[in-house]
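Nothing in this text is a laboratory measurement; each read-out follows from the coordinates by a stated rule. Predicted model only: the values in this text are computed from it and were never measured. Neighbour counts are summed over all protein chains in view; Cβ atoms, including those assigned to glycine, are modelled from backbone coordinates with ideal geometry.
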Amino acid sequence: MSRQPTAAQYVIIGGGIIGCSTAYHLARAGAKDVLLLERHKLTSGSTFHAAGLVGQLRSSANVTQLLKYSVELYQRLEAETGLATGFKQNGGLRLACNEERMTEIRRQATMAHSFGLEMHLISAKEAQALWPLMDVSDVLGAAFLPTDGQANPSDLTQALAKGARQHGAVILEDVTVTGIRMERGRVTGVVTAEGEIACETLVNCAGQWAPEIGRMANVSVPLQSMQHQYMITEKIDGVEPGLPTLRDPDGLIYFKEDVGGLVMGGYERKPLPWAETGIPDGFQFSLLDSNFEQFEPLMESALRRVPKLQSAGVRQLLNGPESFTTDGNFILGKPPGIENFYVGAGFNAFGIASAGGAGRALAEWVLAGEPPMDLAAVDIRRFGQPHNSPDWVRARTVEATSKHYTMAWPHEEHASGRPVRTSPLYGRLAAANACFGEKLGWERPNWFAPNGEAPRDVYSYGRQNWFDAVGEEHRAVREAVGIIDQTSFAKFVVTGPDAAEALSWICAGDVDREIGRVVYTQMLNRRGGIECDLTVSRIAPERFYIVTGTGNATRDLDWISRNIKPGLRAEVVDVTSGTAVLSVMGPNSRGLLQAVSRADLSNAAHPFATWREIFIGGAPAKALRVTYVGELGWELHMPAETAPGVYDRLMDEGRGLGVRNAGYRAIESLRLEKGYRAWGSDITSDDTPLEAGLGFAVKLKSNIAFQGRDALTAQAEAGLKKRLACFTVDDPAIVFNGRETLYRDGARAGYLASGGWGYTVGTNIGYGYVRNPEGVDEAWLARGAYEVEVAGRRMPCSLHLRPLYDPAMARVRG
Ligand SMILES: Cc1cc2nc3c(=O)[nH]c(=O)nc-3n(C[C@H](O)[C@H](O)[C@H](O)COP(=O)(O)OP(=O)(O)OC[C@H]3O[C@@H](n4cnc5c(N)ncnc54)[C@H](O)[C@@H]3O)c2cc1C
């Protein structure tokens, strides 16, 4: 008789640490009928050969919370299951060997404080006292995270598996999933050598095999196997069990204590991908050949740092493959276009550290059908068109992996896999000296270098080389007119006899308006959190045009299509590629457009928040009178092939009106001054419109039902516990990048979600939620004395509850 059941409610594929943690958390949360299938033995994928460092700090607050939870779990798991995990909380050290790195660790310490994680800055001498074997002659300082630790990955996985079984999960080894059965966009079961297992939900935790499992269900899981090496030494005198883990990012290396010896690994500048044409059959409990030549630069760094390694015996140079991703973050959640299929993969060599929290979050996601909190940083819907191409994914992943330990500069861009998506104006903007950035494959002008200067970012933690040029663009928009290529906007059309009814439910704003209206609205989850932030224009009785941020293309399309209520005759179509967008913004925008079009663009004929079909020469354009920069202006949406002609005419006619190209860095400064919110930082699925100060955009006063309404009503009655506010520090020597810690009356009260310089108001501007479990209102906010911590330094800052620029909207409506 087969030991394999014919059906299970939840099937997890993969018995690595992620699959076992997901099974543990599903079963622990009370899920009945959890079945984990492992093709060989538990841990036989990447898990058995992990080094086992357990760090916690990431650049996202919620991902850091997940990793903090991992530590909590690993501390109690042995008592819970009776199996040793090898976890010890020996702390983690991070060295800085140059001034820029010193600033980086200061900023990381501040970020840790923002996220409630202990991280202390210490001197080189203090670091050496914690790690006596190291040479600190080149060390300027260090950071110490006392709650970091290390574990034995295989033991930890076995303990999670035992815990899962204790709660009723079934784990079967030596069962390979060879196919997935689907019906009408849903998984109905999996196929194995022993037959089929029907299931209601399938979770793909197959590590570097996850893309292969994804393909069985037509799902793209963009990750790339990379070779990762570390060396294991014999015992070394002076290596004690309590030695903290050590990261020396300037040397590209890390260390951990291992039975009296050291494990030393690192991240090369030219990392090597593996299995470009597929993972060979039978690759279980397997390693790759040691590559001494590749490891040599890391070895040299290690010898400089720990001279005693010279005489240490080397037990092994281990080369294990691990899955990496294009942005260094792992992949979690429900891919677009499929109902009951989840992914937890691509752990970028921090899968052991992540497993506790990631497994819990994935289990909660599976049980609720939605993520337990904002996990956009790791959500599979953050990917877009180029991520479907294995070649593109490989090129970008190799680059991202090569930067694992290099400086994580503010505003840093990737160089690989470019260009892949360009607007029809790309050549013209390049000729105008644009410095492009890239988002979901799109080339977008970040800024324009002055004549004779190379359009190239020079990164630093201070003001970067583009600062003055962006100031010029900013001023052109404020004082004359700027033209911004925003072709990369994601654009959708919602059509059908029930389109208005469908959108009315999905949108918190009142979008069921007359043809010609443009409505700025949020789309909320059931908790009232902001899933999408976009504009909806009615273009026909049964047709709406939606414009949203470049980076939100996949996510927002998925959100809209999933939330059209069953039975309604409405569908959403992505029209991004056929439509170019030029934003014409500034006090002279009307004059400029009026010079190239016969359309009446006066306030009476074309007021704010409306759109009109206009012609520029022979080119038709939907002109949306909206703005994200706080000035009079129009977004021109037009057939892609007409954009070059329109752009040339605007630039020609605009000469006398002070027209100038502007880019995304200018937009950022302009929107900060005006207080426009940015999705992904100022507003996320964890924040409601009431908390974000966007109550004006919500139809709470109407009696129209919409998703999230009940949660907002309850919140309005109970009162807010956090509120987004604006903070400024005038000193131009300070630089806000976001994640700086906020203090109210001396106590930590939040952190900046976003920040930058406002050229018109002449100050650093940041937005952050101020939190108080007792409640937050404007009077309470105004009563506080505020400080902000930037790179370890606390300084007073001013609170503002109204936009710094044009609070009365006179310019926008002008
Ligand atoms: C050299 C090295 C050092 C590392 N060091 C660290 C570290 O210090 N700290 C840290 O946090 N992380 C570290 N990692 C990363 C860590 O090992 C991984 O992130 C983690 O093990 C990934 O776990 P997983 O469960 O996603 O994948 P895996 O462990 O690979 O598990 C996937 C499982 O799926 C199974 N499977 C695949 N296909 C099928 C199928 N068709 N049917 C059934 N089962 C299938 C496989 O057999 C495999 O067991 C390191 C990795 C490497 C390579």
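Structure notes:
- Along the axis of the charge dipole computed for the chain (Cβ charges of +1 for Lys and Arg, -1 for Asp and Glu, origin at the Cα centre), the listed residues 523, 436, 291 are led at the positive end by 523.
- Other residues whose C-beta falls under 15 angstrom from the C-beta of residue 78 contribute a net charge of 0, scoring Lys and Arg +1 and Asp and Glu -1.
- Relative contact order %, segment 657-814, counting alpha carbon pairs below 8 Å whose residues are six or more apart: 26
- Neighbourhood charge, 11 Å Cβ-Cβ cut-off, centred on residue 570 and excluding it, Lys, Arg +1 and Asp, Glu -1: -1
- The residues 74, 628, 676, when put in order of fewest to most other Cβ atoms within 10 Å, stand as 676, 628, 74.
- Proxy reagent accessibility, fewest Cβ within 10 Å first, across 682, 174: 174, 682
- Think of the chain as having a plus end and a minus end, set by charges on the Cβ of Lys, Arg, Asp and Glu; of 773, 117, 273, 773 sits farthest toward the positive end of this dipole.
- Each of 132, 462, 245 was placed along the dipole of the chain (beta-carbon charges, centred on the mean Cα), and the one lying farthest toward the positive end is 462.
- Taking 0.36 nm per residue of sequence separation and removing the Cα-Cα distance, the residue 730/residue 456 pair yields an extension gain of 95.9 nm.
- FRET efficiency, 1/(1 + (r/R0)^6) with R0 51 Å, evaluated for residue 416 and residue 655 via beta carbons: 0.85
- Between segment 728-745 and segment 508-568, the Cα center-to-center distance that results, in Å: 34
- Tilt relative to the chain, helix 351-368 - C-alpha long axis, 0 to 90 degrees, to 10: 60
- Dipole magnitude (debye, nearest 20) for segment 411-566, charges at Cβ of Lys, Arg, Asp, Glu: 260
- Between residue 135 and residue 430, the distance separating the two model label sites (each 7 Å from Cα on the Cα→Cβ line) works out to 4.6 nm.
- When the Cα gyration tensor is reduced to axis lengths a ≥ b ≥ c, the ratio a/c is 1.5 or higher for segment 638-683, and with a/b not above b/c it is classed as oblate.
- Residue order, fewest to most beta carbons within 10 Å, for 507, 97, 532: 97, 532, 507
- Whether segment 732-814 is rounded, prolate or oblate, judged on the alpha carbon gyration tensor where a/c under 1.5 counts as rounded: oblate
- Net charge in the neighbourhood of residue 90 (other residues with Cβ under 10 Å of its Cβ; Lys, Arg +1, Asp, Glu -1) is -1.
- Eligible lysines near residue 565 by straight Cα distance, threshold 28 Å, same-chain separation 8 or greater: 334, 491, 699, 701
- Here residue 408 and residue 84 are evaluated by their C-beta separation; at R0 = 41 Å the FRET efficiency comes out at 0.70.
- When each of 68/125; 270/308; 622/721 is checked by Cα-Cα distance, pairs over 30 Å: 622/721
- With contacts taken as Cα pairs under 8 Å and at least 6 residues apart, segment 253-327 reaches a relative contact order of 31 percent.
- Between residue 9 and residue 701, the FRET efficiency estimated from the beta carbon spacing at R0 = 41 angstrom works out to 0.40.
- When you restrict to C-alpha pairs under 8 Å that are six or more residues apart and normalise by the size of the chain, the relative contact order lands at 12 percent.
- Placing dummy labels 7 Å off each Cα toward the beta-carbon, the span from residue 300 to residue 215 is 3.9 nm.
- Axis of helix 99-114 versus longest Cα principal axis of the chain: the two differ by about 90°, to the nearest ten degrees.
- 0 to 90° range, to nearest 10: angle between helix 390-402 axis and the chain longest Cα axis: 70
- Between segment 379-415 and segment 431-454, the Cα center-to-center distance that results, in Å: 19
- Size of charge dipole - segment 694-758 - debye, nearest 20, with Cβ of Lys, Arg +1 and Asp, Glu -1, no other charges: 320
- Three-way shape label, the chain, alpha-carbon gyration tensor, a/c 1.5: prolate
- CD proxy at 222 nm, helix term only [per DSSP H run n ≥ 4: -39500 (n - 2.57); per residue of the chain; nearest 500]: -8000 deg cm²/dmol
- When only alpha carbons are used to place a centre, segment 779-814 and segment 260-335 end up 47 Å from one another.
- Length gained when the stretch residue 526-residue 747 is fully extended (0.36 nm per residue, less Cα-Cα span): 76.4 nm
- The slack between residue 543 and residue 785, meaning 0.36 nm per residue of separation minus the straight C-alpha distance, is 82.2 nm.
- If only the Cβ of Lys and Arg carry +1 and only the Cβ of Asp and Glu carry -1, the dipole of the chain around its Cα centre is close to 1380 debye.
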